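See below for the structure under consideration.
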Amino acid sequence: MKSAPQSALGALAWMTASSQVSFLTGFANSVFITRGLGPHDYGLYAYLIWMVGMAISLSTGALNITTIRFVAEAVGAKDEAQARALFGFLRKLLWLGLLAMAAVLGASWWFDGVHPAALNERLALYLGFTVACAALKATYMFEASVGKGHALFQAEALPPALIGLATLPLNALLCLSGQALDAYLLLFAGASLAHPLLSHHMLKRQGLLPGDTPLAQETRTRVWRALGWHTSFTLVGLLSTKSMDTYLLGLHALPAFVGYYNIASSLARAGLDLLSSGFSSVLLPSIARAGAEGGRDKVQAIFEGAVRLYQCMGILVAAGAWLLAKPLVMLLYGTAYLDAVPALRVMALVGGILLPNAAYSAVFIASDHHRARLLFIALSSAISVITSLTFIPWLGWEGALMSVFAGNVGTYILVAVLAHTVLKIRFPLGHVMRHWLCGGLAFLAVLWALPADPGAALALLGCGVFGMLYLMLSLRLGAWHDSDLALVRDNSRHLDRLLSILTLRKHRT
């Protein structure tokens, strides 16, 4: 076996660079696809891509994290034979999962009302497309997981970046030449094929091949137990608000509304991730380390600080998205997609206000309370199912927005109660309410000053003014703990200077 583990710095560089390239090319590709197809056909395209993602998750979603864990254990123990045996055993489970997925989708062709009416004329072709693309992408994800277990992070990082760069001019050409839906689906299928070809080539070059040695019974039992837990998390987690809303919108609304929903959710998620992903990447190990070093009290302190910071970032994104929603949608997608504006505002507002939920997720994972975590995911999914089934068949597109609001708020309250009951983690409600008050006052002031329909320049100016007003109010009205400000001042001279300006105090030298 030729592979050697990458250094932590090298792995971080690979993952960071490739994820940035993948994000930028994926975003640019989506703009070309959206503009090229128009609302109706883009809605069909978005629904089919959602079907591919769901098929992957349902058939093999839990296999990948199981593969990473056990292959990495074998590599860490210097047991090459065990790593190969695990590769071979888990790959057989991959084939079984893909066969089951193909059988279920094939059987769905015989049942009326399972799929949107807009797909019925070519349902067999669309189901074949879904099965083929899901099988190819799932194979790539599995092989990338094997690579990650061997610390070969390029197997996951490189293919999406290269394929994103290659498909960008092709999607632009399809858009400019006015091609129809089939051309875009064919390009997606080609990109799906390229993913496993690249990952397989990279694994083969490093000598990472599956073996046919039977696993020891003890190892096989551990694999099945871990796979059972991860399957439970995956299947229950798939009943999320977005998944249920997408499916029900396909059944009860025109395809264009699936497109509007997809645009709004993607933009809202991108804004939240852009601001919070760096912090999220260090929060989980920080909480895990705090639990080992200082027990629950230290975890509580880090959790409260994380909630306050997440709330600040969420409020900034929510206000910015509300002000910039219309000029942003018009700039990226054109006037045909203006119906996505209210959805973007609702999703960004709900996602931003409820962003502290991410701190709870880190606590649940780090605490190793599998049953509590599964209970939380199951109850959250139940709320999503109830709100989606309640509002969307009744109100269609407007019902989807109501489902987003009700489902996320219900989940937010649930996780707070569950964490307090099971993990004894207290929510800093007083500080959070002060953040809401400061954000609300600053936002009302900006809305009062701006015209009813500001252009892009005024909306950008309004975002800047809101940010300064909100931060100044949050510092003056006690929305932060002293430990938060001390941490900022001790670690960044520039941020210390900014705090001094915002609080109208003399800068420390």
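What does the C-alpha gyration tensor say about the overall shape of the range 52-179? Classify as rounded when a/c is under 1.5, otherwise prolate if a/b is larger than b/c, or oblate. Oblate, since a/c reaches 1.5 and b/c is not below a/b.
Spatially close Lys pairs in the chain, defined by Cα atoms under 23 Å apart and a spacing of eight or more places or different chains, total 14. Screening the chain for whole DSSP H helices of 27 Å or more along their axis (Cα) with average Kyte-Doolittle hydropathy at least 0.5 returns 8-76, 80-108, 123-149, 154-176, 181-205, 255-333, 370-395, 397-418, 429-449, 456-476.
In percent, rounded to a whole number, the relative contact order of the range 328-434 is 27, using alpha-carbon pairs under 8 Å and six or more apart.
Under 8 Å for C-alpha pairs, at least 6 residues apart: give me the relative contact order for the chain, rounded to a whole percent. Relative contact order of the chain: 17 percent. For the pair Asp453 and Leu186, label points projected 7 Å from Cα toward Cβ lie 4.1 nm apart. Name the shape class, rounded, prolate or oblate, that the alpha-carbon gyration tensor gives for the chain, where a ≥ b ≥ c are the square roots of its eigenvalues, rounded holds for a/c under 1.5, and otherwise prolate holds if a/b is larger than b/c and oblate otherwise. The shape class here is oblate.
State the extension gain, in nm to one decimal, for the chain segment bounded by Asp482 and Arg225, taking 0.36 nm per residue of separation less the distance between their alpha-carbons. Could the numbers behind the result be given before it?
Numbers: separation 257, 0.36 × 257 = 92.52 nm, distance 4.49 nm.
Answer, rounded to one decimal: 88.0 nm.
Note on surface exposure: Asp112, Asp484, Asp453 rank Asp112, Asp453, Asp484 by accessible area, highest first, 1.4 Å probe. Largest to smallest in accessible area, the residues Phe405, Phe466 fall in the order Phe405, Phe466 (1.4 Å probe, all protein chains included).
The modelled label-to-label distance for the pair Leu444/Ser232, using points 7 Å beyond Cα in the direction of Cβ, is 4.7 nm.
Length available on full extension from Arg269 to Asp112: 0.36 nm per residue minus the Cα-Cα distance, which gives 53.2 nm. Give, as a single signed number, the net charge of other residues whose beta carbon lies under 15 Å from the beta carbon of Ala406, with Lys and Arg counted +1 and Asp and Glu -1. Its environment carries a net charge of -1. Ligands, DNA and RNA excluded, the heavy atoms of Asp482 present near 120 Å² of accessible surface to a 1.4 Å solvent probe.
Sorted largest first by accessible area at a 1.4 angstrom probe radius, with every protein chain in place, the residues Val258, Val236 fall in the order Val236, Val258.
The values are calculated or read from the model by the stated rules, or taken from the named source; none is laboratory data. For clarity, every value in this text was computed on a predicted model and none was experimentally measured. Cβ sites come from the backbone with ideal geometry, for glycine too, and all protein chains shown count toward neighbours. To get the accessible areas, we keep the full protein, side chains included, count just its heavy atoms, and leave off ligands, DNA and RNA. Shrake-Rupley method; radii C 1.70, N 1.55, O 1.52, S 1.80 Å.
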